1. In the list L64, L28, which residue meets the criterion of being within 29 Å of I307 (Cα to Cα) and assigned to a helix (DSSP H, G or I)?
2. Residues that are under 30 Å from G418 (Cβ atoms) and either more than 16 Å from ligand 1 (Cβ to nearest atom) or without any contact (Cβ under 8 Å) to a residue 12 or more places away in the chain (or both): find the strands (runs of 3 or more DSSP E) completely inside region 231-314 holding 2 or more of those.
3. Is there a residue being assigned to a loop (DSSP other than H, G, I, E, B) and surrounded by fewer than 16 Cβ atoms within 10 Å (Cβ to Cβ) anywhere in region 353-360?
4. Does A391 meet the test of being closer than 25 Å to P148 by Cα and loosely packed, with under 15 Cβ neighbours inside 10 Å?
5. Restricting attention to region 383-438, report how many residues are hydrophobic (A, V, I, L, M, F, W, C) and part of a loop (DSSP other than H, G, I, E, B).
6. Restricting attention to region 139-187, which residues are acidic (D, E) and within 21 Å of the chain's Cα centre (by Cα)?
7. So which residues in region 57-74 are crowded, with 19+ Cβ neighbours inside 10 Å and under 26 Å from the mean Cα position of the chain (by Cα), if there are any at all?
8. Could you say whether any residue in region 184-200 is of a type outside the set (K, R) and in contact with a His (Cβ under 8 Å, 6 or more places away or on another chain)?
Amino acid sequence: MGEPKKLYIKTYGCQMNVYDSERMVEALGGNGYVEVATPDEADMILLNTCHIREKAAEKVYSELGRFRDLKVAKPDLKIGVAGCVAQAEGAEIIARQPMVDLVVGPQSYHRLPEMEARAGSEKVIDTEFPEEDKFERLKARPKAKRGPSAFLTVQEGCDKFCAFCVVPYTRGAEVSRPAARVLEEARDLVERGVREITLLGQNVNAYHGAGAEGDWGLAQLIWALNDIDGLERIRFTTSHPNDMGDDLIAAHGDCAKLMPYLHLPVQSGSDRILKRMNRSHTAESYLRLIERIRAARPDILISGDFIVGFPEETEVDFQATLDLVESVGYGQAYSFKYSPRPGTPAAERPQVDPAEAAERLHRLQALITAQQRAAQDAMVGREVGVLFERAGRMPGQMTGKSDHLHAVHVQAPPEVLGQLHRVRITASGPNSLAGALI
Ligand code: SAH
Ligand code: SF4
Ligand code: F3S
């Protein structure tokens, strides 16, 4: 066998892209590639891209520009673009950046090895939505050891068509994987050292995969995962408020391994704007939902997403968003300035003045930051579980994630790596907690 070829892969966007990149590295392993950490020595460069906001999409072209010298120095270097920009722009990418050899959309990753073999001598593009089951043909190769926390995609795509969002176009219609496949992959991960699994889907709580008797919902899947020995924590993301069923809410109270953290994007607190966004929930229905979730699990940490400056948003609408944030009390939240995306309905509407939108974003972020800090400070004195994921920056320090997904630094021996321990939280800093092993 010859020298292994070197693959540099860079991942943008959401956790699903992180999961997909792992699958692509494994698939290209079959073509003789090993992953490397920098592009300089690579035989192939693959960008796994995100199209959600204009800034994310434009990054891809500036990144590609940076590889020009490498390609000149090494004409055999293969450059590929995967992910949601690949899906949205297809052949346009090669028209705009001719040194790109390969463009592959998210539904075609199982075809990547065959595409890679052809790339270089010809331009290779695949942005179809083929019938066959991508996940079945992208099975992880046995049995490399892994870190303690892993993603597992159970659902992909979206049928909701929020007026601002590209995901239904880039990821396609909602599809769920069969429960047996998910459980098999989970058991394999646990055998390889994984202690925490985060189930992924663009609308993960809309999961409806084939189960033992008829379709299973996400709650049933979580209960089945709860029975896997050696798996200690279960999380899921991202949820839609309209798919938060009673059984899933109840699981947050009853299922021991399901962690007290829920990412539940609302986008706006104004019913008028929510309607224009095609969200099909109201501020009031969202607040009532949060109440029911907190009744099931009082210490749950709620996280969310917000868009400010959506077309036609007025100061009154924005004030309603601030009011909703005040009522919920987020432990964590992400907020974005609205970015018009080609092909989505809202892109055609009258836009909010960018300076006005920026100023609103600033105000919202100040409120969210204060809430995040308060939620973190409230952990001081409490006992939590921490799953240790890496050595800390200080000597003798180890770092992990709490049940509530806070980063926690603890003085502890290196052996705790990959283990879950009880920790008493002793201090709260700007972005993390400090604690002591109990
Ligand atoms: N499926 C999830 C979120 C997917 S995208 C949901 O239903 O909420 C992640 C986040 O990006 C969204 O929650 C939204 O807040 C933000 N986003 C999506 N499209 C955007 C756009 N055009 N401009 C600004 N933010 C956007
Ligand atoms: Fe996008 Fe989420 Fe809306 Fe689907 S539900 S269109 S992924 S924001
Ligand atoms: Fe971005 Fe595609 Fe994820 S647009 S957020 S990488 S689904």
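1. Working: L28 fails: within 29 Å of I307 (Cα to Cα).
Checking each option against the conditions leaves just L64.
2. Details: elements: 233-237, 261-263, 301-308.
It comes to 233-237.
3. So in region 353-360, the residues assigned to a loop (DSSP other than H, G, I, E, B) come out as 353.
So of that shortlist, the ones also surrounded by fewer than 16 Cβ atoms within 10 Å (Cβ to Cβ) come out as 353.
Yes, region 353-360 contains at least one residue that is assigned to a loop (DSSP other than H, G, I, E, B) and surrounded by fewer than 16 Cβ atoms within 10 Å (Cβ to Cβ).
4. Values: closer than 25 Å to P148 by Cα: yes; loosely packed, with under 15 Cβ neighbours inside 10 Å: yes.
So A391 passes the test.
5. Here is the first cut: in region 383-438, the ones hydrophobic (A, V, I, L, M, F, W, C) are 384, 386-388, 391, 394, 398, 405, 407-408, 410, 412, 416-417, 420, 423, 425, 427, 433-434, 436-438.
Of the ones still in play, those that are also part of a loop (DSSP other than H, G, I, E, B) are 394, 405, 412, 417, 438.
So the count comes out to 5.
6. Taking region 139-187 and keeping what is acidic (D, E), we get 156, 159, 174, 184-185.
Once the filter is applied, which keeps residues that are acidic (D, E) and within 21 Å of the chain's Cα centre (by Cα), region 139-187 yields E156, D159, E174, E185.
7. If we filter region 57-74 for residues that are crowded, with 19+ Cβ neighbours inside 10 Å, which is where we start, we get 57, 60, 64, 67.
Once the filter is applied, which keeps residues that are crowded, with 19+ Cβ neighbours inside 10 Å and under 26 Å from the mean Cα position of the chain (by Cα), region 57-74 yields A57, V60, L64.
8. No, the conditions are met nowhere in region 184-200.
The values are calculated or read from the model by the stated rules, or taken from the named source; none is laboratory data. Please read all numbers here as calculations on a predicted model, not as lab measurements. As a convention, Cβ positions derive from the backbone with ideal geometry for all residues, glycine included, and neighbour counts pool all protein chains shown.
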